[in-house]
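> First the structure, then my questions, so here it is.
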Protein chains: 2
Amino acid sequence: MSSDATPGTRERILDAVLASLADGREDALNMAAVARRAGVSRQAVYLHFPNRATLGVEAARWLDEREDVRKWSAPVVSATTPEETLDAYADFLGAYNPRIVAVARMAYRLRALPELEDAWQDRLRARRDGARAVASRVADAGRLRAPFTPHTAGDLIAAIGSMLVWDELVQDLGWSTKRYVQHLKATFRATLLT
Amino acid sequence: MSSDATPGTRERILDAVLASLADGREDALNMAAVARRAGVSRQAVYLHFPNRATLGVEAARWLDEREDVRKWSAPVVSATTPEETLDAYADFLGAYNPRIVAVARMAYRLRALPELEDAWQDRLRARRDGARAVASRVADAGRLRAPFTPHTAGDLIAAIGSMLVWDELVQDLGWSTKRYVQHLKATFRATLLT
DNA sequence: GGCCGTGCTTTACACAGTGTAAAGTTCGTG
DNA sequence: CACGAACTTTACACTGTGTAAAGCACGGCC
């Protein structure tokens with residue numbers, strides 16, 4: 001359907017951006033470097049993306065398609081008890097955050113650009129919706145502690161579980177993924193559950 | 001001692017950067033714009049700061065001096081019980097984060113530049129030291145819950161209390177400072193205390 | 001076979017922003 | 001008055017973005 005055998009130029013360019021981001025390269029969004037890495041001319045990049053901001057946005061979308069959140073978040077949906085749900089959500093964050101943190105960092109850096117800001121807000125909104133769904137299931141089981149509502153509890157665990165917190169704990173402070181997930185579970189359970 | 005009646009050129013430049021950041025201006029670190037706002041020539045800026053990154057770092061330091069963390073964090077130090085200590089820390093975050101978030105955002109955006117990265121790590125380290133001190137006092141009172149150590153608990157509340165989380169909750173989601181502080185208190189108490 | 005459009009390349013250019021260089025101005029102080 | 005420090009003015013090299021236009025290669029279609 002949507003995938004050809006040989007990737008088109010557009011896909012090659014987006015892959016080049018994501019690969020550079022994954023490598024932590026500073027020139028990940030430098031138009032000339034992207035073109036070089038994708039094996040096309042600099043102008044070819046402009047034929048597909050009118051400017052750098054759009055290229056960044058589309059790269060983020062492309063990553064979403066490639067990574068498929070639903071696959072990773074399936075255990076959260078299929079959990080039954082509030083404890084299981086929160087634990088599964090922490091597991092999800094531990095697995096998914098590393099896969100998208102490079103793009104998140106880029107997005108945060110480019111927030112200046114209005115078009116990118118909108119697109120990035122979309123992705124954060126999707127993330128918060130997931131977190132609020134988690135909180136709602138806790139509330140439905142009658143286990144959500146005061147003073148939280150499903151809404152505020154969702155916002156809070158989305159913020160605590162954000163890529164930027166992950167970045168600080170795992171990247172800057174050297175926490176292992178295991179420790180990150182373990183402490184997140186302890187925090188979620190203690191904070192939200194009666 | 002350190003303050004003259006009429007601010008020198010250097011101080012005028014740094015104030016111009018901080019004022020622009022506070023206004024949310026995108027050109028807050030544009031050398032020409034800074035010079036214009038400070039009422040000096042562009043070259044005068046280069047006489048005091050060799051490049052943009054250094055200007056950013058020095059602006060962050062200058063803000064620290066102006067804002068005086070110790071003043072704001074005094075109630076944390078003078079608190080007696082673990083509950084009071086954690087509450088005071090949450091109050092501190094609610095009061096202090098808004099004052100420095102613009103600079104924090106800038107720093108995160110400019111992390112690319114190695115010199116700035118080092119300087120920014122210094123500030124984060126200072127912040128974590130404060131958070132670890134808070135956690136140590138809880139531990140000294142024998143109230144720190146498993147699986148936390150003073151070290152990991154400090155890292156965690158520093159990350160949860162970071163400017164970026166504040167940014168997401170208060171700026172993006174419209175939480176009031178009151179709600180932010182209230183939920184932070186609930187989170188800290190529930191998570192860390194036995 | 002000739003024609004044409006699509007997608008890409010090549011070359012060139014305008015423009016903004018950073019950082020460097022050097023000569024000129026102003027002013028307080030010995 | 002002479003000197004030095006701080007700042008201004010002017011000019012320039014360089015990098016990166018985005019625009020423009022001409023040329024090329026190839027596949028489908030009459």
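> Could you tell me whether the range B:108-121 includes any residue that is touching an Asp or Glu at 6+ places or on another chain (Cβ under 8 Å), part of a helix (DSSP H, G or I), within 14 Å of chain A (Cβ to nearest Cβ) and away from DNA strand D (no atom under 16 Å from the Cβ)?
yes
> Assess whether B:VAL76 counts as being among the hydrophobic types (A, V, I, L, M, F, W, C), away from DNA strand D (no atom under 15 Å from the Cβ) and in contact with a Ser or Thr (Cβ under 7 Å, 6 or more places away or on another chain).
In short, yes.
> Which ranges mark the helices (runs of 4 or more DSSP H) fully within the range A:29-92 that have 1 or more residues being under 18 Å from the mean Cα position of the chain (by Cα) and free of Cβ contacts under 8 Å to residues at least 24 places away in the same chain?
Answer list for the range A:29-92: A:52-67, A:69-78.
> Further question: From B:ALA131, B:ALA153, B:ALA139, B:ALA158, grab the single residue that is in contact with a strand residue (DSSP E or B) (Cβ under 9 Å, 6 or more places away or on another chain), assigned to a helix (DSSP H, G or I) and at negative phi.
B:ALA153
> Return the residues of the range A:9-28 that are more than 20 Å from A:ARG109 (Cβ to Cβ) and part of a loop (DSSP other than H, G, I, E, B); say none if nothing qualifies.
Scanning the range A:9-28 gives no hits.
> Restricting attention to the range A:133-190, report how many residues are polar (S, T, N, Q), facing another protein chain (nearest Cβ under 9 Å) and over 16 Å from A:TYR89 (Cα atoms).
Adding up the residues that qualify gives 1.
> Now for a separate question. Within the range B:141-160, track down each residue that is surrounded by 24 or more Cβ atoms within 10 Å (Cβ to Cβ) and touching a residue at least 60 places away in the same chain (Cβ under 8 Å).
The one that is surrounded by 24 or more Cβ atoms within 10 Å (Cβ to Cβ) and touching a residue at least 60 places away in the same chain (Cβ under 8 Å): B:ILE157.
> Within the range A:170-183, does at least one residue satisfy the condition of being of a type in the set (Asp, Glu), over 25 Å from B:GLN171 (Cβ atoms) and surrounded by fewer than 17 Cβ atoms within 10 Å (Cβ to Cβ)?
No.
> Any residue in the range A:46-60 that is within 30 Å of A:LEU192 (Cβ to Cβ) and of a type in the set (A, V, I, L, M)?
Checking the range A:46-60: at least one residue is within 30 Å of A:LEU192 (Cβ to Cβ) and of a type in the set (A, V, I, L, M).
> Only one residue in A:ALA95, A:ALA79, A:ALA88 is more than 14 Å from chain B (Cβ to nearest Cβ) and either within 15 Å of DNA strand C (Cβ to nearest atom) or surrounded by fewer than 15 Cβ atoms within 10 Å (Cβ to Cβ) (or both). Which one?
Unique residue meeting the criteria: A:ALA95.
> Within the range A:24-63, can you find the residues that are among the charged types (D, E, K, R), within 14 Å of chain B (Cβ to nearest Cβ) and more than 8 Å from DNA strand D (Cβ to nearest atom)?
The answer is A:ARG25, A:GLU26.
Coordinate-derived values only; no laboratory data. A quick note: this is a predicted structure, and the numbers were derived from the prediction, not measured. Cβ sites come from the backbone with ideal geometry, for glycine too, and all protein chains shown count toward neighbours.
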